[in-house]
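A short write-up of the structure that comes next.
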Amino acid sequence: MKKSFGRRLFLGCNLVFLTLLSLMCLMPILHILSISFSSGSAASAGKVLLWPVEFTPAAYQNVFGKPEYLRAFWVTIQRVVLGTAISMFLTILTAYPLSKETHQFGMRTFYAWIFVFTILFNGGLIPWYMTIKAVGLIDSIWALVLPGAVQVFNIILLLNFYRNLPKELEESSRIDGAGHFTTLWKIYAPLSLPALATTGLFTIVWHWNSWFDGMILMNHPDHYPLQTFLQSIIIKMDLRFLKSQDIELMQKLSDRTSKAAQIFVAAFPILVIYPVLQRFFIKGIVMGSVKE
Amino acid sequence: MNQLARRWKREWPLHFMVVPALIFLVLFSYIPMAGVLMAFQKYIPTKGLFGSPMVGLKHFKYLLDYPDIGRIVFNTLYIATMKIIAGLAVPITIAILLNELRQEWMKRAFQTMVYLPHFLSWVLLSGIIIDVLSPSTGIINQILSLFGAKPIFFLGDNKWFPYVMVITDVWKEFGFGTIIYLAALTNINPSLYEAAEIDGAGRWKQTLNVTLPGMMPIIVLMLTLNIGNVLNAGFDQIFNLYSPQVYESGDVIDTFVYRMGIEQAQYGFATAVGLLKSVVSFILISVSYVMAYRFANYRIF
């Protein structure tokens, strides 16, 4: 069937519009990338658009030569690895009993409400802070890992996924004499790969991006994760991190290129992993939200 | 008794699996809930929750007399409501437009690009936004100056600040929001479109009479579930972008609680404000979930 003129005009406009829209999402990041590779003078003169002017990697040499930045990067890596491992373990383990029917697990509904209640109500910022302080986690890496270890949304997503797996799988494995633990690790976990990839990605990104807990739970800036460190120097412009040789360097580099480089380095790992996992998380979100 | 023992024998591994997560929840969610007692105390850190003197409703009375409280509540509701409405309308529109693309790879390429800001933190995005909107070197003001406009201090001007919050929030989240609507679009029965075409409906008519009604359940569901967010104006974003000169238009409940509680150490007062917010949010979220269950048969688990 031949398309009418109006239809072709619409499709053309639609394509142009969507292209512009996508550029709007990419451009700010490309702009920052270009600034980070430009010379300090070109950046402060505002000559940089979407391509570096007077190309130089100096800003990156500065970032990777900064012990504070590398230390913060290391804290973030620790929290991502520890936090994701603990959270995923708890998510896989907890979603299984909660995915059972009431006749299989009498207290299922009771437990489920205990979990759901925590997303409906919370004690607020100050009691939360006081509790973590009382537990003695202030200034420890565990303060960034343990308080957020149970991710109720991820548990719900995974339990809905478990519930959509064919019931016969569990029955046959039970008939073969497998207990609940074997059924979970050998049958459920391998079959939920899309949902696990989704929740895993969300957890990694959540840990990578968290900054507020670092800001209020770490007294010493040496313990800041990367995002908190960046928050303190880029947004709050905390001068504690500036040393005299930095100020000298600033004149060569300009504040702007150095900030841009630090932002880009912190964004880079996310830019690399999310497109790879895209097909998983679309499937995981859609399937996890479908209920029978 | 015998029945209970048999049941325990059958179900104990399931209890065992819930326990680890339960311990974490008690420690980091339920104990802080008990900590709201501080809202009724003159909390003294050295004396702790049980040794601090009770002051009754003093903090709540103080809050009612607090000069800026009306403005703070208004800012919260104003920014949050605009975000909810724009956060529905934009992703729905974009999902419909994306769905018009016939080539799968193109659809996926566009999606990959528009998701990007969702995955970056507000710290990084704020760093970028501050740079881009800067009145002296920012690219937006440079473009405006080409048209002879005077530079606008978007983040320092009370006229602009709330709208900048809404626009940048929609910019960050609309791409991710399209996922759920695109899924709903692909579930619409194709024979409905065929029938509409036989009846002489063009593409526009089909969108109005088939696509939108087909999406209605999910639209209503998302709107309902968002009711609980009217007190969440977005702490991460506003905290990183605001400054004292825009408190008038940008200070919201969460930023206020942070300043009172963490910066000024008025623990009891900040807890009281937070408690009020939690209680109102709890009622709104509960009502919205009940409504979602009644009208859309939506269940959380």
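Throughout, read-outs are computed from the coordinates displayed, never taken from laboratory work. All values reported here derive from a predicted model rather than from experimental measurement. Here the Cβ is made from the backbone with ideal geometry for all residues, glycine too, and neighbour counts use every protein chain on show.
A few notes on this one:
- Fluctuation leader among A:217, A:98, A:125 - chain A, Gaussian network, Cα springs under 10 angstrom: A:125
- Other protein chain C-beta atoms within 10 Å of residue C-beta, averaged over A:86-98: 4.
- At least 24 Å along the helix axis (C-alpha) and Kyte average at least -1.0, DSSP helices within chain B: B:2-25, B:69-99, B:161-186, B:267-296
- Cα centroid separation, region A:1-69 to region B:103-164 (Å): 11 Å
- Choice from A:157, A:23, A:15 showing the highest fluctuation, given a GNM over chain A with Cα pairs closer than 10 Å: A:15
- Between A:158, A:34, A:6, the Cα set farthest toward the positive side of the dipole of chain A (charges on each charged residue's Cβ, about the Cα centre) is that of A:6.
- Of all the options B:201, B:95, B:183, the one that moves most in a Gaussian network model of chain B with Cα springs shorter than 10 angstrom is B:201.
- Centroid-to-centroid separation of region A:71-101 and region B:167-241 [C-alpha atoms, Å]: 31 Å
- Summary of packing: across the peptides A:106-119, B:268-281, B:60-73, B:80-93, the per-residue average of other C-beta atoms within 10 Å ranks them, highest first, as B:268-281, B:80-93, A:106-119, B:60-73.
- About its Cα centre, the dipole of chain A is roughly 920 debye, where the only charges are +1 on Lys and Arg Cβ and -1 on Asp and Glu Cβ.
- Computed about its Cα centre, the charge dipole of region B:74-296 is approximately 160 debye, with only Lys, Arg, Asp and Glu carrying charge at their Cβ.
- Over the protein assembly as shown, equivalent-ellipsoid semi-axes from the Cα gyration tensor in Å: 38, 35, 25
- Approximate spin-label separation residue B:262-residue B:23, in nm, with each point projected 7 Å along Cα-to-Cβ: 2.9 nm
- Across peptide A:104-111, the average count of Cβ atoms from other chains found within 10 Å of a residue's Cβ is 4.
- Placing dummy labels 7 Å off each Cα toward the beta-carbon, the span from residue A:45 to residue B:283 is 6.2 nm.
- Kyte-Doolittle mean at least 0.0 and Cα axial length at least 15 Å: DSSP H helices in chain A: A:5-36, A:67-98, A:108-120, A:125-135, A:152-164, A:193-209, A:255-288
- Nearby aspartates and glutamates by direct alpha-carbon distance to residue B:42 (threshold 20 angstrom, same-chain neighbours under 8 apart not counted): B:65, B:263
- For region A:59-288: lysine pairs under 22 Å (alpha-carbon distance), excluding those fewer than 8 apart on one chain: 12
- Average beta-carbon neighbours from other chains, 10 Å sphere, peptide B:209-220: 0
- Residue A:169-residue A:16 FRET efficiency (beta carbon distance; Förster radius 51 Å; 0.05 resolution): 0.55
- Gyration tensor (alpha-carbon) shape descriptor, region B:74-296, a/c threshold 1.5: oblate
- Simple Cβ-charge dipole of the protein assembly as shown, Lys/Arg +1 and Asp/Glu -1, about Cα centre, in debye nearest 20: 800 debye
- Positive end of the dipole of region B:1-72 (Cβ unit charges, origin at the Cα centre): among B:70, B:44, B:5, the Cα lying farthest that way belongs to B:5.
- Between residue A:78 and residue A:103, full extension at 0.36 nm per residue minus the direct alpha carbon distance yields a gain of 4.8 nm.
- Sites residue B:192 and residue A:7, calculated FRET efficiency, Cβ-Cβ separation with R0 22 Å, nearest 0.05: 0.70
- Positive-pole candidate from B:57, B:231, A:113, dipole of the protein assembly as shown, charges at beta carbon: A:113
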